[in-house]
Structure formats: structure tokens, C-alpha cells
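Visitor: Take a look at the following structure, please.
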Amino acid sequence: MLLKSRLTHLISGAAIALGITLAGPISGTEAAMPAKTNSITININGDTFQPESTPFINNGTVYLPLRDIGELLGTVVFWNSSNKTVTMTYPKLTTQLTYGSMNAKINGKTVNLTAPLKNVNGRIFIPLRFLSESTGASVDWKNISKTVNITQKGDDFVKATGVNTTTWLNRKTGEFYFAYPFEQVPTLAGKINSDFKGSLSFEFNTIDRNNFIITILDNFGEPRVGYDAYNFLIHGSKIIDQKKASYFKRYEPNRAYYYVLDPKTNSYDAHSLLSDGKMVSIYNKSGEKVKEYNLPALTGKDESFAVLGASNEYLIVRPNITGFLTLIDFKNNSVVELHEKLLSGKDLEYAKTNDVPYRGDELRFSGASSDENELYFYYISPIDSKDEFKKLTFHRETK
């Protein structure tokens, strides 16, 4: 199943000040919240930020909430309850803080804290000066107005998260950092050959612990009718291959993997899939390319295709412009436009004639039987007021 992650745009810079809510109490917790008289304003790169946890001043030291500032700045935090240690990660920067200690480690180097961490009602606060010393950001404190001004250098990183996965993309350089599990130190997986034009979103597919298909979707144009899908295979924390597929008006996520029975072990292995819209490459669990398909040659249509279903026996694709869901059956070397077999009456007429907002049918592939002789689809009729799902079956033997 494709999993879409929530895109988080990062305030640029090497930020490490991410905070946590502790699962249990720590000795020395301050019982009361900071006094309201210590109202503090935080400006980051000229924009005012209102944290959920209130900053405060204690014994002349300004304290900021790690959780709120860190989430804004894009780091990842991992709390080790056994040794009361916070590990914060970001590309090229790893910081470790131990509650109760006056020392911290930045990329393995020990540095001194000017004041201890504070735990207020289960939330950790960090001294303002340490934020400045450890990130290289310009941090300016205005005592009269009680204002913190944080100004950072422009790294232009975009952070995204999948299931147990964290990534950072440098939109300008294409550098892509990868962490799996999510709290691990980010590694440079490689560079995306990109020409980003619009807003970015991410799609994550964890094939197994060594293989990941990630798609960066660039939606651009006015009114957002262009789609460039940058999809790449990460094997062993490194990008080993990548492709770019371009679509107009209609975008459907490409299938990322399918399972193949290994007769030697009688177990199923996942095969990964990358597409540039015309050529489809298949990779085994070792990251080796094992097959390649030329979709325009197989279908007779010189278009970009979305690959919506796949196995060793068939591909289900949709041409971007003409829009009819199509079965490419390798067992009998046939090509079938499925609307002709699955729709009838006004629904069939609609599929053939409608072009708003794009041409084609509204069929959706949902899976196959265990022997793959039956292919399953669902359909919501655009002309039926009941708005109900219709389940449809295509038999490969009888068509």
C-alpha cells in the first residue's frame, strides 16, 4: 500500500533543538509552570512563532521548549528512558543531551552547557545560549522587550516522514538524506536529478528493511496541472536507481512493488518497480534489475503511463492522455482496454466521450485472486446518483 507522508517545510539551518514529552516523571521536575510575567516573544527568520510550551527565565537564563522549537526547525528526537538521554538528528548534525548533566555532545565533541536542562511538567527546556552555540544560528536576546530573534542560514531542506522512516531533501542541490529506523543518524543516500518547479509531496513504500521506493511528487503550473514524479529505489541506505515520470492533469501513484513466489524457498519475495512513464524497470530484493518493459511498444500508444497493477504475469496501466485502464497480459500476449469488458450502457458511453477534467474511465484496480486468473476492480459511476461502489471482476482466461 502506498503511504503518503505529511510534508513539513523546514526553517533552514542546522537545527538541533528538538524536544520531547517524557513518558514518566524525572527526578527534579519543577512542579509549577513558568510565571506569566516572563512572557517571551520568539521570532524565527523574521516570523513570530508562538510555542505550545511557554518559554521562561530562570536565574537570569532564558529557556526555550525543545519540542516546539525543534519541530519547527526539523530535527528528529529519540528519548532513551533508561539513561535519560535525548538524541537529536539532522543532516550532518547529531546532538546528545543527558538530563542532569552539564555537558552535551555535538557530532561526538563534548561541549559545556551554561545552565542545566529544565523539566517542567514533563517537558524539557533548553538554555537559549546553547541553541546559539550548537547550531551556528544567530540568536539575539532583547531583554527590554523579552524577545528572542533566531536567524539561520539557508539550507533549504524539506523533511518528510514515512513508517519508521525520516528523510531530508535539499531542494536546491537534490541531496537526499535518509534515516531508518527514523531516529538513526541521517546518511546521504545520494542526489536526486531534479528540476523542481512547484510544491512537493512525498510517497513512501517500505518494501523490506533493505529496500524502499520513495516518490517525490512535484505539482506545478497554473492551475496545478503538471505532475513530475521523481521515484527512486533505496537499497542499503543508498539510491541505486531513479526515474522521472511526467503527467498532465491526471496523476495516479505508480505501483511500487509486487510479490513473487521463489520456488526454491517456497516463500514470497518482493520485487520493486520504477517507471519513467514509458519504461518500467523491475528489481529483486538484492537491488538487481531483473526485467524491463517498454509500455508504448507493448500498448501501441506513445504516451506516459501510470502503472497501477503488476505481477510477473501482467501489468495494469493507464495512458495519461487517452486515459483507458489497460491490461497487458504476458501469459497470452494480449492488450485489453478494460472499459470495453467491464462497463456497459451509459457508463461505457461516458467513458468513451467524457473529457472533463480529463479523458478516460473511472475504473480502479483493487487486486487479484491467489492464482491471478481473476483481476478485481471497483467503480463509482459518475452518472449514477447513488454514488455506490461497484465490484467488478475480469477473468483473464475468458476475457
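The values are calculated or read from the model by the stated rules, or taken from the named source; none is laboratory data. Note that the structure is predicted; figures quoted are calculated from it, not measured. Because the Cβ atoms are built from the backbone with ideal geometry, glycine has one as well, and the counts that use them run over all protein chains shown. These area figures cover heavy atoms from the full protein model, side chains too; ligands, DNA and RNA do not enter into them. Shrake-Rupley method; radii C 1.70, N 1.55, O 1.52, S 1.80 Å.
Yes or no, residue by residue, for (1) outside the structural domain of Asp47 (by the TED database); (2) aliphatic (A, V, I, L, M):
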| site | (1), (2) |
| --- | --- |
| Leu66 | no, yes |
| Leu73 | no, yes |
| Pro91 | no, no |
| Gly122 | no, no |
| Val139 | no, yes |
| Thr147 | no, no |
| Val163 | yes, yes |
| Thr173 | yes, no |
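Visitor: Within the set of pairs 6 or more residues apart or between chains, which connect a residue that is surrounded by 14 or more Cβ atoms within 10 Å (Cβ to Cβ) inside the range 334-347 to a residue that is small (Gly, Ala, Ser) with Cβ atoms less than 7 Å apart?
Guide: His339/Ala351; Leu343/Ala351; Asp347/Ser381
Visitor: Give the residues of the range 258-290 that are within 21 Å of the chain's Cα centre (by Cα), assigned to a loop (DSSP other than H, G, I, E, B) and at negative phi, sorted by residue number.
Guide: Asp276
Visitor: Which condition from (1) assigned by the TED database to the domain that holds Ile216; (2) open to solvent by 30 Å² or more (accessible area, probe 1.4 Å); (3) not in a loop (DSSP other than H, G, I, E, B) is the one that Arg255 breaks?
Guide: (3)
Visitor: May I pose another question? Out of the residues in the range 56-89 that are within 20 Å of the chain's Cα centre (by Cα) and part of a strand (DSSP E or B), which is surrounded by the fewest Cβ atoms within 10 Å (Cβ to Cβ)?
Guide: Going residue by residue through the range 56-89, those that are within 20 Å of the chain's Cα centre (by Cα) are 70-78, 88-89.
With part of a strand (DSSP E or B) added as a condition, the list becomes 76-78, 88-89.
Numbers: Val76: 21, Val77: 22, Phe78: 16, Met88: 26, Thr89: 24.
For the range 56-89, the residue satisfying everything is Phe78.
Visitor: For the range 138-153, give me each residue that is open to solvent by 60 Å² or more (accessible area, probe 1.4 Å) and assigned to a loop (DSSP other than H, G, I, E, B).
Guide: The answer is Asn143, Ile144, Ser145, Lys153.
Visitor: Turning to a different aspect of this structure: Residue by residue through the range 350-399, note down the ones that are assigned to a loop (DSSP other than H, G, I, E, B), of a type in the set (D, E, K, R), touching a residue at least 12 places away in the same chain (Cβ under 8 Å) and open to solvent by 60 Å² or more (accessible area, probe 1.4 Å).
Guide: Passing the criteria: Arg359, Glu397, Lys399.
Visitor: Please go through the range 291-340 and pick out each residue that is within 18 Å of Asn373 (Cβ to Cβ) and outside any strand (DSSP E or B).
Guide: If the condition is that a residue be within 18 Å of Asn373 (Cβ to Cβ) and outside any strand (DSSP E or B), then Ser311, Asn312, Glu313, Phe330, Lys331, Asn332, Asn333, Leu338 are the ones that fit.
Visitor: Need pairs with beta-carbon distance below 9 Å; first residue in contact (Cβ under 8 Å) with a residue 40 or more places away in the chain and part of a strand (DSSP E or B) and within the range 94-114, second of a type outside the set (A, V, I, L, M) and open to solvent by 70 Å² or more (accessible area, probe 1.4 Å); sequence gap 6+ or separate chains.
Guide: Listed pairs, sorted by first residue: Thr94/Lys105; Thr94/Asn107; Thr95/Lys105; Thr95/Asn107; Ile106/Gln96; Ile106/Glu133.
Visitor: Here is a further query. State whether one or more residues within the range 107-124 are open to solvent by less than 60 Å² (accessible area, probe 1.4 Å), modelled with pLDDT under 85 and within 20 Å of Glu183 (Cα to Cα).
Guide: Scanning the range 107-124 turns up no residue that is open to solvent by less than 60 Å² (accessible area, probe 1.4 Å), modelled with pLDDT under 85 and within 20 Å of Glu183 (Cα to Cα).
Visitor: Does at least one position in the range 296-319 carry a residue that is touching a strand residue (DSSP E or B) at 6+ places or on another chain (Cβ under 8 Å), of a type in the set (A, V, I, L, M) and surrounded by fewer than 14 Cβ atoms within 10 Å (Cβ to Cβ)?
Guide: No - not one qualifying residue is present in the range 296-319.
Visitor: Right, something else. Restricting to the range 90-102, give me the number of residues that are among the polar types (S, T, N, Q) and open to solvent by 70 Å² or more (accessible area, probe 1.4 Å). Write out each step before concluding.
Guide: To start, the set of residues in the range 90-102 that are among the polar types (S, T, N, Q) comprises 94-96, 98, 101.
Remaining after also requiring open to solvent by 70 Å² or more (accessible area, probe 1.4 Å): 96.
Of the residues in that region, 1 qualify.
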